Amino acid sequence: MSSSLTNPPIKADTAWKLVLDRWFHEFLLFFYPNIASKINWVLPVEVLDQELLPLTTDAMVGKQLTDKLFKVHALDGQLCYIILHIEVQGDRETRFETRLFEYSYRLYDRYKCPILTLAVLTDDSPHWRPNHYQAEVWGYKTHHFDFYPVKLLDYQSQADQLLTADNPFAVIVSVHLSSQTTRTQPEQRFHIKFAIFKQLLKQGWGRDAIRSFYTFMDGVMRLPEELEIQYHHSIYQLEKVKGVDYITSAERFGIEKGMQQGMQQGMQQGMQQGMQQGMQQGMRNAAKRMIAQGSDNSFIQLITGLSSEELADLKSEQ
């Protein structure tokens, strides 16, 4: 494989939101078990992310920020709002403490209910551990606000054990840490990503859980196109051996770039006819790349929809 490969930027914001919507209870059990024990989980948890949109400042626009707002009921009947912030970029954010303070007081002003603020720090700096906001004038404190962070870096020594734990968020943490350690190592990330997928199958997670893990990994452990195709080919082969079918979104594997190029060419020739021709050309481009990668015929046909004859013609052109 080429040593010049580089990993593309991660897309962690959407990945984190998906797993939090699915596993918020498990998230609290893993990171904040005392808080989880105070909540009445018989009553529904409301996700109110749209309430955060009016609170977004100009300084936040364009940034990958994962902020979640949950409305929960305590066992004693008290209504509470939990705001959760995840520093998905893995970098120290300027005005971090100030932003969480602003969210908290604006939400309190709206709901007149307690606002509990939690934060997940995904950066690799062991010394950055913000936990409060404070303002003062001439030495006199005017505001003091506490929030409660967890640092994923603190789990680094447990990464292997986390992968075999029963709580899905232990797996999420392990995946994220693997993403950090392979940030500049595409080949190593490829091997670790596939090894994690095999371990998840071995653990016996259900189909929906496997798909959620798979989606999260695709967001935080992105690979160069060449390795991405090989990764999905490996998954396809593994599923064939095990006789399972967890991943059904294979139609997008390895074809996005080819489809875009083909559609652009086709659209220049005329809207409807051009788009059809572009789609066909995109599929052919994708098939050529997979042939070059050594993918087997059945996998290529599954991905592209090409017939055996069309595939044979492409191979004769190589």
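The values are calculated or read from the model by the stated rules, or taken from the named source; none is laboratory data. Here the structure is a predicted model, which is why all the values come from computation and not from measurement. For neighbour counting, all protein chains shown are included, and Cβ atoms are generated from backbone atoms with ideal geometry for every residue, glycine included. Surface areas here come from the heavy atoms of the whole protein model, side chains and all, with no ligands, DNA or RNA. Shrake-Rupley method; radii C 1.70, N 1.55, O 1.52, S 1.80 Å.
Could you please find all residues in region 135-146 being of a type in the set (Phe, Trp, Tyr) and open to solvent by 60 Å² or more (accessible area, probe 1.4 Å)? Talk me through it step by step, then tell me what you get.
Quick first cut of region 135-146, residues of a type in the set (Phe, Trp, Tyr) only: 138, 140, 145.
Within region 135-146, 138, 140 meet the criteria.
Give the residue that is modelled with the lowest pLDDT, with candidates limited to residues of region 46-59 that are under 23 Å from residue 121 (Cβ atoms) and exposed (fewer than 13 other Cβ atoms within 10 Å of the Cβ).
So the residue we want is 59.
Just to check your reading of the model, which residue among 248, 182 is more than 18 Å from residue 16 (Cα to Cα) and modelled with pLDDT of 90 or more? Outline the logic, then answer.
Numbers: 248 fails: modelled with pLDDT of 90 or more.
Within the list 248, 182, the selection yields 182.
For the list (1) over 24 Å from residue 209 (Cβ atoms); (2) free of Cβ contacts under 8 Å to residues at least 24 places away in the same chain; (3) not aromatic (Phe, Trp, Tyr), I need the number of the one condition that residue 113 fails.
It is condition (2) that residue 113 fails.
Would you check if residue 222 is touching an Asp or Glu at 6+ places or on another chain (Cβ under 9 Å), among the basic types (Lys, Arg) and touching a residue at least 60 places away in the same chain (Cβ under 8 Å)? Write out each step before concluding.
Values: touching an Asp or Glu at 6+ places or on another chain (Cβ under 9 Å): yes; among the basic types (Lys, Arg): yes; touching a residue at least 60 places away in the same chain (Cβ under 8 Å): yes.
Considered against the rule, which asks whether it is touching an Asp or Glu at 6+ places or on another chain (Cβ under 9 Å), among the basic types (Lys, Arg) and touching a residue at least 60 places away in the same chain (Cβ under 8 Å), residue 222 comes out as yes.
Read through the list (1) more than 20 Å from residue 11 (Cβ to Cβ); (2) surrounded by fewer than 18 Cβ atoms within 10 Å (Cβ to Cβ), then give the number of the only condition that residue 149 fails.
Just one mismatch for residue 149, condition (2).
Being modelled with pLDDT of 85 or more and either outside any strand (DSSP E or B) or loosely packed, with under 14 Cβ neighbours inside 10 Å (or both): is that true of residue 92 here?
On the way: modelled with pLDDT of 85 or more: no; either outside any strand (DSSP E or B) or loosely packed, with under 14 Cβ neighbours inside 10 Å (or both): yes.
Against the criterion (modelled with pLDDT of 85 or more and either outside any strand (DSSP E or B) or loosely packed, with under 14 Cβ neighbours inside 10 Å (or both)), residue 92 does not qualify.
Answer yes if at least one residue in region 199-212 is open to solvent by 10 Å² or more (accessible area, probe 1.4 Å) and in contact (Cβ under 8 Å) with a residue 60 or more places away in the chain, and no otherwise.
Yes: region 199-212 contains one or more residues that are open to solvent by 10 Å² or more (accessible area, probe 1.4 Å) and in contact (Cβ under 8 Å) with a residue 60 or more places away in the chain.
Quickly run through region 155-177 and pick out the residues that are under 17 Å from the mean Cα position of the chain (by Cα) and open to solvent by less than 20 Å² (accessible area, probe 1.4 Å).
168, 169, 170, 171, 172, 173, 174, 175, 176, 177
Inspect all residues belonging to region 7-21 and state whether any of them is closer than 23 Å to residue 183 by Cβ, of a type in the set (Lys, Arg) and in contact (Cβ under 8 Å) with a residue 60 or more places away in the chain. Break it down stepwise before answering.
Filtering region 7-21 down to residues closer than 23 Å to residue 183 by Cβ leaves 7-20.
Okay, now just the ones that are also of a type in the set (Lys, Arg), so 11, 17.
Those left that are additionally in contact (Cβ under 8 Å) with a residue 60 or more places away in the chain: 11.
Yes, the conditions are met somewhere in region 7-21.
Name the single residue, out of those in region 7-45 being open to solvent by 60 Å² or more (accessible area, probe 1.4 Å), within 15 Å of the chain's Cα centre (by Cα) and not basic (Lys, Arg), that is farthest from residue 231 (Cα to Cα). Let's see the steps before the verdict.
Initially, region 7-45 is screened for residues open to solvent by 60 Å² or more (accessible area, probe 1.4 Å), giving 9, 11, 14, 17-18, 21-22, 25, 29, 33-34, 37-38, 41-44.
With within 15 Å of the chain's Cα centre (by Cα) added as a condition, the list becomes 9, 11, 14, 17-18, 21-22.
Next, only the ones that are not basic (Lys, Arg) stay: 9, 14, 18, 21.
Working: 9: 17, 14: 21, 18: 22, 21: 27 Å.
Ranking the qualifying residues of region 7-45, first place goes to 21.
Among the residues of region 11-27, are any closer than 30 Å to residue 223 by Cα and part of a loop (DSSP other than H, G, I, E, B)?
Our first condition is that a residue be closer than 30 Å to residue 223 by Cα; within region 11-27, this holds for 11-24, 26-27.
Adding the requirement that they be part of a loop (DSSP other than H, G, I, E, B) leaves 11, 23.
Within region 11-27, one or more residues are closer than 30 Å to residue 223 by Cα and part of a loop (DSSP other than H, G, I, E, B).
Within region 60-76, work out how many residues are open to solvent by 60 Å² or more (accessible area, probe 1.4 Å) and either modelled with pLDDT of 75 or more or part of a helix (DSSP H, G or I) (or both). Spell out how you get there, then give the answer.
Of region 60-76, the ones open to solvent by 60 Å² or more (accessible area, probe 1.4 Å) are 61-63, 75-76.
Filter again for either modelled with pLDDT of 75 or more or part of a helix (DSSP H, G or I) (or both), leaving 75-76.
Residues flagged as open to solvent by 60 Å² or more (accessible area, probe 1.4 Å) and either modelled with pLDDT of 75 or more or part of a helix (DSSP H, G or I) (or both) within region 60-76 amount to 2.
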